[in-house]
Amino acid sequence: MSEMNSLISKINRLKKENNAVMLVHNYQRPEIYKVADFIGDSLELSKEAAKTDADIIVFCGVDFMAESAKILNPNKKVLIPVRDAQCPMAGMVTRQELLNLKKQHPGAAVVSYVNTSAETKAESDICCTSSNCVDVVNSLPEKEVIFVPDENLAKYVQTKSDKEIIPWKGFCYVHSKITASQVKEAKNLHSGAKVLVHPECPLDVIALADHVCSTSQMLYYAKENEANEFIIITEHGMVERLKLEMPEKKFYAIIATCIQQKKNTLPTVLRSIEEEIYPVEIDREIIKKARVALDRMLEVSRKFG
Ligand code: 13P
Ligand code: SF4
């Protein structure tokens with residue numbers, strides 16, 4: 001048996017013995033897919049976390065995703081295999097910065113992208129992900145909406161909403177670096193391909209899209225669309241997921257790598273289950289408040305599908 005297969009079978013055996021579930025984000029390495037119980041985008045992973053009856057959740061993604069799973073399951077053990085698999089954008093708005101912004105706009109609702117800390121979520125009215133950001137903002141009664149931390153996402157939502165969006169200055173270092181000329185170059189090379197763009201990209205990149213959506217929505221779009229070729233404008237790992245699901249279609253990636261998402265490997269996942277490390281720990285009061293914002297988001301998602 002190869003070293004990889006032996007790691008996979010050890011992980012799968014320990015998962016069963018310990019009643020653990022493995023939740024895996026689309027951007028993870030393809031070998032991690034092989035030990036996944038569920039692979040998805042941020043919203044789908046939150047939904048899975050909310051309904052699991054496993055005793056242990058091993059989360060292969062980045063910190064804010066594992067924290068959301070803990071907020072939704074405060075009595076379960078949630079493990080993140082690599083402690084510093086941290087999304088830099090999630091640290092770009094602190095609780096105090098959000099409190100200051102709220103003081104400046106007392107009538108505004110607060111929407112925090114799930115890519116935030118638990119402390120920031122706790123000061124928010126509702127969370128959103130890339131797949132429901134427009135529905136979440138438009139579901140609110142307030143006319144003014146503070147939207148943190150991703151400025152590109154806020155600007156995209158503004159194009160789809162009559163609300164007055166008050167953005168913050170956060171950004172994803174992977175998506176914000178993608179340029180319109182890169183996308184045009186890819187379109188020239190693959191003229192028949194559909195262009196799918198993640199909304200963390202700049203607006204001039206979004207303007208070149210056939211469809212703007214979350215990572216998993218790219219998968220559903222490509223499955224249903226009759227086109228056979230797609231240019232995928234997001235972290236390049238997404239293409240691995242698409243190729244796995246649709247080997248008969250062609251997917252072209254752009255150079256864009258999230259180093260933090262790639263920190264999980266099969267050996268670190270095995271160590272995580274064997275030694276039950278690293279448990280996600282969040283203050284109970286923070287969990288209670290952050291849970292309200294996450295539950296409201298899940299409620300909007302149920303309504304709008
Ligand atoms: P999705 O919710 O679309 O998977 O996005 C998560 C993310 O971190 C994008 O950079
Ligand atoms: Fe965070 Fe960007 Fe990586 Fe997504 S791709 S986890 S937003 S740094």
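Scan Tyr220, Tyr252 and give me the residue that is open to solvent by 30 Å² or more (accessible area, probe 1.4 Å) and within 16 Å of ligand 1 (Cβ to nearest atom). I'd like the intermediate steps shown before the answer.
Working: Tyr252 fails: within 16 Å of ligand 1 (Cβ to nearest atom).
Criteria check complete, one pass: Tyr220.
So, in region 53-73, how many residues would count as being open to solvent by 30 Å² or more (accessible area, probe 1.4 Å) and either in a loop (DSSP other than H, G, I, E, B) or farther than 27 Å from Gly305 by Cα (or both)?
In the first step, residues of region 53-73 are kept if they are open to solvent by 30 Å² or more (accessible area, probe 1.4 Å); the result is 53, 55, 63, 67.
Okay, now just the ones that are also either in a loop (DSSP other than H, G, I, E, B) or farther than 27 Å from Gly305 by Cα (or both), so 53, 55.
Here the count works out to 2.
Residue check: is Glu285 assigned to a loop (DSSP other than H, G, I, E, B), more than 30 Å from Glu185 (Cβ to Cβ) and open to solvent by 30 Å² or more (accessible area, probe 1.4 Å)?
Taking the combined requirement at face value, the residue does not satisfy it.
Which condition number does Pro279 fail, the rest of (1) buried (at least 17 other Cβ atoms within 10 Å of the Cβ); (2) farther than 30 Å from Ala180 by Cα being met?
(1)
Could you list all residues from region 225-247 that are within 15 Å of ligand 2 (Cβ to nearest atom) and either in contact (Cβ under 8 Å) with a residue 24 or more places away in the chain or within 24 Å of Lys160 (Cβ to Cβ) (or both)? Steps first, answer last, please.
Residues of region 225-247 that are within 15 Å of ligand 2 (Cβ to nearest atom), as a first pass: 232-241.
Ile232, Ile233, Thr234, Glu235, Gly237, Met238, Glu240, Arg241, listed by residue number.
Checking the conditions here, which among Asn19, Asn115, Asn5, Asn12 is touching a residue at least 24 places away in the same chain (Cβ under 8 Å), under 24 Å from Lys263 (Cβ atoms) and of a type outside the set (Lys, Arg)? Let's see the steps before the verdict.
Working: Asn19 fails: under 24 Å from Lys263 (Cβ atoms); Asn5 fails: touching a residue at least 24 places away in the same chain (Cβ under 8 Å); Asn12 fails: touching a residue at least 24 places away in the same chain (Cβ under 8 Å).
Result: Asn115 is the single residue among Asn19, Asn115, Asn5, Asn12 that is touching a residue at least 24 places away in the same chain (Cβ under 8 Å), under 24 Å from Lys263 (Cβ atoms) and of a type outside the set (Lys, Arg).
Would you check which residues across region 108-120 are within 16 Å of ligand 1 (Cβ to nearest atom) and in a strand (DSSP E or B) and list them?
Across region 108-120, the qualifying residues are Val111, Ser112, Tyr113.
Among the helices (runs of 4 or more DSSP H) confined wholly to region 121-224, which include 2 or more residues that are free of Cβ contacts under 8 Å to residues at least 24 places away in the same chain?
151-158, 180-189, 215-224
Out of region 109-119, which residues are more than 14 Å from ligand 2 (Cβ to nearest atom) and open to solvent by less than 10 Å² (accessible area, probe 1.4 Å)? Let's see the steps before the verdict.
Our first condition is that a residue be more than 14 Å from ligand 2 (Cβ to nearest atom); within region 109-119, this holds for 109-111, 118-119.
The answer is Ala109, Val110, Val111, Ala118.
Just for region 74-107: of the residues that are of a type in the set (Lys, Arg) and part of a loop (DSSP other than H, G, I, E, B), which one is nearest to Leu294 (Cα to Cα)? Before you say what the answer is, go through the steps one by one.
Step one: filter region 74-107 for residues of a type in the set (Lys, Arg), giving 76-77, 83, 95, 102-103.
Next, only the ones that are part of a loop (DSSP other than H, G, I, E, B) stay: 76, 83.
Values: Lys76: 17, Arg83: 23 Å.
Per the criteria, the residue is Lys76.
The values are calculated or read from the model by the stated rules, or taken from the named source; none is laboratory data. Keep in mind that what you see is a predicted model, and the values were worked out from it rather than measured. Cβ sites come from the backbone with ideal geometry, for glycine too, and all protein chains shown count toward neighbours. Only protein heavy atoms, including side chains, enter the accessible area calculation; ligands, DNA and RNA are left aside. Shrake-Rupley method; radii C 1.70, N 1.55, O 1.52, S 1.80 Å.
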